Each structure stands twice: as C-alpha cells, then as structure tokens.
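Comments concern the structure below.
The values are calculated or read from the model by the stated rules, or taken from the named source; none is laboratory data. Here the structure is a predicted model, which means the values were calculated and not measured. Cβ placement follows ideal geometry from the backbone for every residue including glycine, while neighbour counts extend to all protein chains displayed. To get the accessible areas, we keep the full protein, side chains included, count just its heavy atoms, and leave off ligands, DNA and RNA. Shrake-Rupley method; radii C 1.70, N 1.55, O 1.52, S 1.80 Å.
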Amino acid sequence: MAAKAPGSKAAKVTAPRLSPVTLADLREDSAPDFQRSERYDGVRYSRATADGLELSGADFAECEFQGVSFNDTQLRGATFRDCILSELYAPVFRAARSTWRDVQLNNPRLGSAELYESGWQTVRVDGGKLDFLNLRGSKLTDVLISDCIINELDLGSASGTRVALKNCTIGTLDLTGARLKDFDIRGTDFRTISGLGSLAGVVIDDYQLSLLAPLLAGHLGVVVL
C-alpha cells in the first residue's frame, strides 16, 4: 500500500449503513420450548438455556435474547432477523450457514464460534470476547464490530462490503482469499495478519502501516538491511 503523497486528497471510505434495532410489544417466555425449524416472532427470552438442542433451520424474528446460553446448540441454517442478543453465552457456538439480518449483538461471550458460510447483513457487534470467530466463506455487508476482543478472526474466502472493526483487539486476522471493499480496520490492534495478498480494499492508518511493513516486505521477498 502506498503512502499518501503530501497534499493528496484522502480516499473516500464508505462506512457501514446501520440503523438501530427497535423492538416493541414483546411477550415474555421464561421457559421456551425451542424446536428445530420452528419460527419464533416477537418474544423476549431472559436467562434461558438452549444448551445442546438441535435447532437447525430455526427462524427468530423481532426477538430479544438476554443472557441466553446456546452452548453446543446446533443452529445450522438458522435465521435471526431484527433481533437483539445481549450477553449471548456459548463456549461452543454452532451456527454454520446461518443468516443474520438487522441484528445487534451486545457483549457476547463466545469460545469457538462456527459461523462459516453465513450471511451477515446490517449487523452490529458491540463489546464482548470471542476466542475464535470463524466466518470463512461468509458474506458480510454493512457490519460494525466495535470494542471487541477476538483472539482469532477467520475471514478466509469471505466477501466483505462496508465492514468496520473499531477499537478492537485481534490476535490473528486471516484474510486469505477474501474479497473486500471498504473494509475499515483503523483503530484496531492486531498481532498478525495472514493472507497479505488479499489486502486490497482494506483501509488502515499510518500506525498500522508501520506494523504491516515487515510482513509486507517478507511477503514480497523484499530484503531490508
């Protein structure tokens, strides 16, 4: 990536297009009986447990989850639309090929989050800690992840448009084979990035450029003496 020449005009970066998720007139369900492939509308779940359930294909619309545990729950192909999930908990979170649209995740606590080949559209993640976030092969559009600690973020072969990582701490970021546009990681700390050949479309700041310089030199075979 070339540094900007003095006096040059800064490139325009399009931020994620997000609007707040607003929920009203929700009915409370303190003991939900979740079932595979069922649809759930307009419900608030507080401190419920769905650990180990088979919920593939479940459809949640205009629902709020407060402190719900989904540990080792099978959510393959599930859909979350117009939902707020606060303090989501799962040492093992299984939601491959799931769909997330107009969703807000507040302070999640996830260990291994298997979300590969998923679709994220208009999604905000605020705070929380994730040991491993696997979004390999996923499609991300209008996504903001802020103030989040992620030990390993796998975006290999993913596509991302108008995605921003703000004030996050990331150990390993894998972009191998990713296709990115307006992918803004300014202000985020990372230890290492793999997939340097897929950095086109990534927006960084001057400090991050200094961190990337030795990695880029090694990738290009440049010898610095």
What spacing in nm lies between the two simple spin-label points modelled at Asp126 and Glu28, each 7 Å away from Cα in the Cβ direction?
2.3
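Return the FRET efficiency for the residue pair Ala200, Asp147: r is the Cβ-Cβ distance, R0 is 35 Å, and the value is rounded to the nearest 0.05. Please report the intermediate quantities before stating the final value.
Details: r = 27 Å, r/R0 = 0.77.
Using R0 = 35 Å, I get an efficiency of 0.85.
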Residue by residue through the range 123-140, the couplings from Karplus 6.51 cos²θ - 1.76 cosθ + 1.60 with θ = phi - 60°, in Hz, x for Gly and Pro, are 10, 10, 10, 10, x, x, 9, 10, 6, 9, 10, 9, 10, 4, x, 8, 10, 10
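With a ≥ b ≥ c taken as the square roots of the eigenvalues of the C-alpha gyration tensor of the range 91-222, please select rounded if a/c is under 1.5 and otherwise prolate if a/b is larger than b/c or oblate if it is not?
On the way: a/c = 1.67, a/b = 1.53, b/c = 1.09.
Verdict is prolate for the range 91-222.
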Quarter of the surface of the C-alpha convex hull for the chain, i.e. direction-averaged projected area in nm², equals 12.5
Top of Gln104, Gln74, Gln66 by mean-square fluctuation, Gaussian network on the chain, Cα under 10 Å:
Gln66
Just the number please: accessible area per residue for the chain, 1.4 Å probe, all protein chains included, in Å².
49
3J(HN,Hα) from dihedral phi, the range 44-54, Karplus parametrisation 6.51/-1.76/1.60, rounded to Hz, x for glycine, proline:
10, 10, 10, 6, 8, 10, 10, 4, x, 7, 9
If amide H atoms are built 1.01 Å from N in the plane of the peptide, which residues on other chains or at least 5 residues away come under 5 Å of the amide H of Val125?
Leu105, Leu144, Ile145, Ser146
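Using just the helices of the chain, give the 222 nm mean residue ellipticity in deg cm²/dmol: DSSP H runs with n ≥ 4 each add -39,500 (n - 2.57), and the total is spread over all residues, rounded to 500. Can you show the working numbers first?
Values: 1 runs with 15 residues, N = 225.
Taking each H run of at least 4 residues, the total per residue is -2000 deg cm²/dmol.
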HN-Hα J couplings of the range 71-78 from phi, Karplus 6.51/-1.76/1.60, θ = phi - 60°, integer Hz, Gly and Pro as x?
5, 6, 7, 8, 10, 4, x, 6
Taking a ≥ b ≥ c as the square roots of the eigenvalues of the Cα gyration tensor of the range 152-202, is the shape rounded (a/c under 1.5), prolate (a/b larger than b/c) or oblate?
oblate
Excluding near-sequence neighbours (fewer than 8 apart on one chain), the chain holds lysine pairs with C-alpha atoms under 21 Å apart numbering 9
Nearest 10 degrees, 0 to 90: helix 206-220 Cα axis against the chain principal axis
70
Residue-count net charge about Ser46 - beta-carbon cut-off 11 Å; Lys, Arg +1, Asp, Glu -1
-2
Using the Cβ atoms and a cut-off under 12 Å, what net charge is assigned to the surroundings of Gly77, where Lys and Arg are +1 and Asp and Glu are -1?
+1
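Quantify, in whole percent, the carbon and sulfur part of the accessible surface of the chain (1.4 Å probe; protein heavy atoms only).
Working: 5310 of 11020 Å².
The value for the chain is 48 percent carbon and sulfur by accessible area.
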So who's got an amide H within less than 5 Å of the one on Ala178, skipping anything under 5 residues away but keeping other chains? H placed 1.01 Å off N, in plane.
Ser157, Ala158
